[in-house]
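Student: One structure coming up, written as structure tokens, with questions to follow.
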Amino acid sequence: MARTPSTMSPLGTTCPDFTLPDPRGGRAERDGIMGDRGLLVMFLCNHCPFVVHVADELAAIGRDYADSGVGIVAISSNDADTYPDDAPGKMAEEAEERGYLFPYLYDETQNAARSFDAACTPDFFLYDAEGLLVYRGQLDDSRPGNDAPVTGADLRSAMDALAAGKPIPADQTPSLGCNIKWKH
């Protein structure tokens with residue numbers, strides 16, 4: 001299991017634009033998902049042990065923050081030819097089984113992952129209402145096999161502060177996960 005940290009893009013970076021297909025039907029775009037308080041963009045996939053470890057918490061965050069004013073979207077950018085468990089049909093099944101209320105979009109060209117400078121799954125990017133990056137850190141301290149409980153504490157703290165209009169501390173711990181499976 002490769003352990004790849006997030007790139008920790010500079011705070012204040014502008015949220016890249018995107019329009020991607022939703023394997024459950026239709027297409028979704030950044031401006032249609034952005035909430036009046038901001039936007040959480042999560043890079044996920046179906047097979048990564050780090051994502052599997054926290055997937056139920058991600059679904060809970062989707063439920064818990066549905067009315068927070070912070071839009072939420074997940075994107076899978078993995079090469080589905082090499083990793084068929086991450087293909088769009090499997091993504092739709094995963095979203096349904098996990099109860100994801102947020103769109104789970106497929107980035108076949110991998111252009112979205114590149115524009116966000118995403119490096120791993122899971123990788124989290126939280127933007128304020130102006131589309132500026134305010135958080136790019138870990139979900140919490142839990143990792144597969146380390147016995148720390150999955151709480152979502154770090155991301156939830158940032159989302160709570162954003163929803164309440166309060167500052168988010170700049171001292172943030174990188175996410176850690178499997179590297180994005182790039183096409184060759």
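Student: Could you list, in sequence order, all residues of the range 67-91 that are within 19 Å of E29 (Cβ to Cβ) and either assigned to a loop (DSSP other than H, G, I, E, B) or not hydroxyl-bearing (S, T, Y) (or both)?
Tutor: Once the filter is applied, which keeps residues that are within 19 Å of E29 (Cβ to Cβ) and either assigned to a loop (DSSP other than H, G, I, E, B) or not hydroxyl-bearing (S, T, Y) (or both), the range 67-91 yields G69, V70, G71, I72, V73, A74, I75, S77, P88, M91.
Student: Any chance you could count how many residues in the range 1-25 are in contact with a helix residue (DSSP H, G or I) (Cβ under 8 Å, 6 or more places away or on another chain), assigned to a strand (DSSP E or B) and surrounded by 13 or more Cβ atoms within 10 Å (Cβ to Cβ)?
Tutor: 2
Student: Are any of the residues in the range 58-78 acidic (D, E) and buried (at least 17 other Cβ atoms within 10 Å of the Cβ)?
Tutor: So far as the range 58-78 goes, no, none of its residues is acidic (D, E) and buried (at least 17 other Cβ atoms within 10 Å of the Cβ).
Student: Where residues in the range 139-166 are in contact with a strand residue (DSSP E or B) (Cβ under 7 Å, 6 or more places away or on another chain) and part of a loop (DSSP other than H, G, I, E, B), which of them is farthest from Y65 (Cα to Cα)?
Tutor: For the range 139-166, the residue satisfying everything is R143.
Student: For the range 148-162, does any single residue satisfy the condition of being of a type in the set (A, V, I, L, M) and in contact with a helix residue (DSSP H, G or I) (Cβ under 6 Å, 6 or more places away or on another chain)?
Tutor: Yes, that holds for at least one residue.
Student: Here is a further query. Taking the range 114-131, which residues are among the aliphatic types (A, V, I, L, M), surrounded by fewer than 23 Cβ atoms within 10 Å (Cβ to Cβ) and more than 13 Å from V70 (Cα to Cα)?
Tutor: Result: A119, single match.
The numbers here are math on the coordinates, done by the rules we state, and not lab data. Not measured: the values here are computed from a predicted model. As a convention, Cβ positions derive from the backbone with ideal geometry for all residues, glycine included, and neighbour counts pool all protein chains shown.
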